[in-house]
Amino acid sequence: MRLPENKRNVPSLFTCLDGTQVTTAKEWQEKRRPEILEMLRREEYGRLPDMSDVKVEMRVVAERQGGPMLDPRELRKTVEVEAVRKDRHFIFCFEVFIPRNAGKPVPAFIEICNRGTMLCDPAREHPSQFYPVEAIIERGYACAAFRTQEVAPDYEEGFHTGFHRLFPEYTQNRPDDAWGTISAWAWAASRVMDYFETDPMIDDKHVAVVGHSRGGKTALWCGAQDERIALAVSSCSGNSGDAISRGKSGESIRQILTRFPFWFAKNYQKHADHEEEMPFDQHMLVAMMAPRLVYSSTRSLDAWADPESEFESLVQASPVYELFGKEGLESWDMPYAEVPLHKGSIGFHKHSGEHDMEDYDWHRYMDFADRHWK
Ligand code: GTR
């Protein structure tokens, strides 16, 4: 196996906690992968509570095609997810858009929408590049977006609304490894996946989860935990997403925790300013996708996310794919802007400009999916 130079001194993907070395896909899957996942869960994103007494129901509450509002080529279904525990419940909705005349099940994208409703408008009165439904349909994919704010609030409120309200016993007494908001959003993305498994118009073996920035951190964390996800796409997810924390410029763990402590487990606090001693780093999050597909996009001017550190975690994660006889990233040198790397199972592009996700990025995600799925 070819190993990249370890410039940032990140912990090895292949050395288990007991010191043994992983040399096969089987050892990775059965031993090293679960221990890394557990570390990320306990130390960074937090553990979801026991959900065995939570009843989750899903229903299609509306279905519409054509008419004045919709593109005649698409069918729209509104799905409601209701989670009930004891006498408490909460609901969130998402809209699924499906090409009408595909004649066979189609692959699909799940968008984690962390921006206002206007940017993922279910009525499509405000087409947006952040969630270009029309282009996605045109290229033969289905898509669904949920709004993160409907699932768990994106501000500090003490964990008692949205998803969190199902678990009042955790509000006062929060264990250090209890879930943060990113874990709740990732849970919601997996519920969209549950729905896709029930819809005969969707090819559920080819589902991608996509998110930008905090949504990108969530997309990677969802894909790490939910092995039904065939492709995780991160746009500019930066710190605590696709960027190596050791030696990172721009946002640090200390800075992200000052502004958004509720995104993470309390345990993560102890790693602020101690990146060098962490038993994990973000290349491990990327590696959780192997042998499935993963894609990261960044922006040339996104210094806060730090493109160099984002690219470095893809490089460091690459050798895991070799255990499965696959190629990770096709080149370990950062390409110029607008030169996508699509050949390996880890895809990448850098687009000129500031922190954002637009048509250019979406078309590259779909090019990558076309190349590996069609
Ligand atoms: C920033 C945060 C980043 C990123 C971004 C976003 O303020 O520091 O980590 O998540 O928000 O979500 O747009």
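The values are calculated or read from the model by the stated rules, or taken from the named source; none is laboratory data. All of these numbers come straight from a predicted model, not from anything done at the bench. Heads up, the Cβs are rebuilt from the backbone with ideal geometry, glycines too, and the neighbour counts pull from every protein chain shown. Remember, those area values only see protein heavy atoms, side chains included, never the ligands or the DNA or RNA. Shrake-Rupley method; radii C 1.70, N 1.55, O 1.52, S 1.80 Å.
Being among the β-branched types (Val, Ile, Thr) and either within 9 Å of the chain's Cα centre (by Cα) or open to solvent by 20 Å² or more (accessible area, probe 1.4 Å) (or both) is the filter here, so list the residues in region 178-221 that pass it.
Correct list: 198, 209, 210, 218.
Looking at 322, 310, 277, can you tell me which residue is farther than 21 Å from residue 141 by Cα and loosely packed, with under 15 Cβ neighbours inside 10 Å?
277
Just for helices (runs of 4 or more DSSP H) wholly inside region 151-256: which have at least 2 residues that are over 27 Å from residue 96 (Cα atoms) and within 14 Å of the ligand (Cβ to nearest atom)?
Because the criterion is at least 2 residues that are over 27 Å from residue 96 (Cα atoms) and within 14 Å of the ligand (Cβ to nearest atom), no helices (runs of 4 or more DSSP H) in region 151-256 meet it.
So, in region 257-273, of the ones that are assigned to a loop (DSSP other than H, G, I, E, B) and open to solvent by 10 Å² or more (accessible area, probe 1.4 Å), which residue ends up nearest to the ligand (Cβ to nearest atom)?
Only one residue fits best here, namely 260.
Could you look through region 39-68, keep only residues that are out of contact with any strand residue (DSSP E or B) (no Cβ under 8 Å at 6 or more places or on another chain) and open to solvent by 70 Å² or more (accessible area, probe 1.4 Å), and pick out the one that is farthest from residue 97 (Cα to Cα)?
Applying the filter and picking the extreme gives 42.
Of the residues that sit in region 332-374 and are touching a residue at least 60 places away in the same chain (Cβ under 8 Å) and in a loop (DSSP other than H, G, I, E, B), which one is surrounded by the most Cβ atoms within 10 Å (Cβ to Cβ)?
Step by step, filter region 332-374, then rank; the result is 357.
Give the residue, chosen from 239, 173, that is over 20 Å from residue 362 (Cα atoms) and surrounded by fewer than 18 Cβ atoms within 10 Å (Cβ to Cβ).
Step by step, each of 239, 173 is checked, and only 173 is over 20 Å from residue 362 (Cα atoms) and surrounded by fewer than 18 Cβ atoms within 10 Å (Cβ to Cβ).
Among the residues in region 319-337, are any in contact with a helix residue (DSSP H, G or I) (Cβ under 9 Å, 6 or more places away or on another chain) and within 20 Å of residue 218 (Cβ to Cβ)?
Scanning region 319-337 turns up no residue that is in contact with a helix residue (DSSP H, G or I) (Cβ under 9 Å, 6 or more places away or on another chain) and within 20 Å of residue 218 (Cβ to Cβ).
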